[in-house]
Amino acid sequence: MLSDARLVAAKDLRIEMRSKVATNQVLPFALVVLILFAFALNQDPPALAAAAPGLYWVAVLFSALLAVQRSFAIESADAAGEGMRLSGLDPAGIFLGKAAAVAVQLAVLEVLLAAGMAVLYGARLQDPAMLVASAGAATVGLASAGVLYAALAAELSVRETLLPLLLLPVLAPVLMSAARAWQDSMSGRPGLGVPWAELLVVFAVVYVSLGVVVAGPVMEVT
Amino acid sequence: MAPAVHLRDALALAGRFPALAGVDVDVEAGEVVVVRGANGAGKTSLLRLCAGLLALTSGEGRVVGHDLRTRRREVRRHVGLLGHSNHLYDDLTVEENIRFGVASGGGRLDGVAAAMDHFGLRGRLAGVPAGRCSTGQRRRCALAVLLARSPMLWLLDEPHSGLDPEGRHLLGEMIRRGSQGGATVLVATHEGDPFASVDVAASGPNPREIVMGGGLVVSDRPASMAAAGS
């Protein structure tokens with residue numbers, strides 16, 4: 001399973017590096033979202049700084065949606081996904097590989113967006129240990145839940161519009177927990193963010209485990 | 001020795017429509033079988049069933065010794081299906097696509113170079129993204145994956161599609177070599193004379209021709225009889 005996951009993740013990351021969709025489209029999109037929020041709340045800089053963690057994670061959430069959709073779009077061209085299924089790769093390995101590739105892209109995006117948030121919103125990124133830990137758990141949760149739901153919707157003709165409807169409510173706990181963990185951390189009270197970070201870890205563990213278990217039936221049905 | 005393909009009264013649905021309506025087929029290991037029939041006759045469905053991509057709704061089905069109902073993943077490890085798509089990623093190069101196709105199918109990467117050589121994909125073309133290749137070059141990539149993987153059962157659905165005369169000759173050569181190496185080959189085509197496009201009549205050991213219609217096998221005879229019109 002893990003060797004299959006490595007193979008799929010390496011293939012997906014190579015395609016993304018080659019196509020530059022993540023850097024030329026997903027990242028600019030996330031930055032535009034941050035900038036638009038800055039315009040909307042520009043009259044009230046303290047409110048903008050206070051809302052920064054929530055706005056940051058909304059931007060990450062939307063970007064995750066694009067990254068996940070892109071991850072499955074490359075499989076639909078020339079029936080490449082069918083070829084992968086036909087090859088006999090372990091479905092759990094395919095799930096883990098795709099989730100890992102999305103997580104890597106999101107991690108890079110989060111670092112760049114955090115810099116953008118500091119510049120645009122004047123946010124102070126304190127207590128990096130809590131920020132990194134909660135972001136890591138949130139990233140794994142976003143990627144694993146996203147890939148699982150995208151696999152469910154992969155063969156539907158309405159997948160582009162259906163996936164956000166299915167996925168965004170599921171990811172709401174990640175948005176809320178990550179925003180609270182970062183808010184507590186950035187306001188100098190990292191201890192208050194620990195339960196939120198723990199919730200993120202639970203979410204990530206649940207969705208990685210669920211994905212590994214149900215990937216076979218999900219990919220077989222679709 | 002168990003047959004490579006054993007189907008009895010096999011029923012498979014495409015949605016609610018019976019794509020295969022009770023097919024009986026036995027193919028021995030090492031045989032070359034040409035599957036003929038008009039559009040919608042069930043040729044592609046037969047190949048997809050044998051590849052474990054189409055579910056067996058009722059009847060019996062065993063492919064390379066594995067039950068099609070319960071062990072479809074094991075079947076896929078031993079089967080190579082070249083369908084209407086080539087299963088290539090546009091942003092990967094020709095060589096990267098072939099290496100991924102072989103590695104994901106559990107094949108040995110040391111056969112990649114020879115397979116690329118066979119289909120004239122070495123040199124400059126190896127580094128070209130598949131998205132910039134012509135239809136025929138993409139077909140050659142997909143065939144090279146199959147050749148390098150060298151599965152036990154080759155399922156070729158209109159394999160000559162997009163190939164120039166040289167590519168067709170190389171395909172025929174590949175089938176001949178595969179068959180001599182013990183592989184079982186099923187070639188589906190709707191062309192009137194499949195042997196004109198897939199050069200197996202003179203090369204394969206006793207090729208057989210199955211004609212399908214309406215999701216059923218309507219005739220099953222040696223290719224030599226079919227060619228003679230008997």
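Expressed as a fraction of 2.2 N^0.38 Å, the C-alpha radius of gyration for the stretch B:26-69 is 1.21. For the stretch B:33-58, the residues whose backbone nitrogen is under 11 Å from a point 7 Å from the Cα of B:Phe17, taken along Cα to Cβ, are B:40-42. Averaged over residues, the count of other Cβ atoms within 10 Å places the peptides B:175-184, B:141-150, B:3-12 in the sequence B:141-150, B:3-12, B:175-184, highest first. Between the listed residues A:Leu125, A:Pro173, A:Pro53, the Cα displaced farthest toward the positive end of the dipole of the stretch A:2-221, a dipole computed from Cβ unit charges relative to the Cα centre, is found at A:Leu125.
The residue among A:Val104, B:Gly59, B:Pro222 whose Cα reaches farthest toward the positive pole of the charge dipole of the protein assembly as shown, with charges on the beta-carbon of Lys, Arg, Asp and Glu, is A:Val104. The C-alpha atoms of chain A define a longest principal axis, and helix A:2-19 lies at about 70 degrees to it. If you take the square roots of the eigenvalues of the alpha-carbon gyration tensor of chain B and sort them as a ≥ b ≥ c, do you get rounded (a/c under 1.5), prolate (a/b over b/c) or oblate? Judged from the Cα gyration tensor, chain B comes out prolate (a/c at least 1.5, a/b above b/c).
Across the protein chains, with a 1.4 Å probe defining accessible surface, the residues A:Glu75, B:Glu95 rank B:Glu95, A:Glu75 from largest area downward. Its Cα centre serving as origin, chain A has a Cβ charge dipole (Lys and Arg +1, Asp and Glu -1) of approximately 340 debye. Straight Cα distances below 28 angstrom link A:Lys20 to the lysines A:Lys11, A:Lys98, with same-chain residues fewer than 8 positions distant left out. Between 0 and 90 degrees, the angle of helix A:45-76 with respect to the longest Cα principal axis of chain A falls at about 10 degrees. Rounded to the nearest 20 debye, the dipole size of the protein assembly as shown about its Cα centre is 340 debye, using +1 on the Cβ of Lys and Arg and -1 on the Cβ of Asp and Glu. Expressed as a fraction of 2.2 N^0.38 Å, the C-alpha radius of gyration for chain A is 1.02. The apolar share of the surface of chain B, taken as the fraction of accessible area on carbon and sulfur atoms (1.4 Å probe, ligands and nucleic acids excluded), comes to 50 percent. Scaled against the 2.2 N^0.38 Å expected of a compact globular protein of N residues, the Cα radius of gyration of the protein assembly as shown reads 1.16.
Classification of the stretch B:94-185 by its C-alpha gyration tensor yields an oblate form. The axis ratio a/c (a ≥ b ≥ c) is 1.5 or more, and b/c is at least a/b. To the nearest ten degrees, helix A:194-221 and the longest principal axis of the Cα atoms of chain A are 20 degrees apart.
Taking every DSSP bridge with both residues inside chain B, close to 55 percent are antiparallel. Spin-label model, A:Val213 to B:Asp9: label points 7 Å out along the Cα-to-beta-carbon direction sit 3.8 nm apart.
The values are calculated or read from the model by the stated rules, or taken from the named source; none is laboratory data. As the structure is a computational prediction, the values presented were derived from the model and not from experiment. We place every Cβ from the backbone using ideal geometry, glycine too, and count neighbours over all the protein chains shown. Heads up: the accessible areas ignore ligands, DNA and RNA and are worked out on the full protein's heavy atoms, side chains in. Shrake-Rupley method; radii C 1.70, N 1.55, O 1.52, S 1.80 Å.
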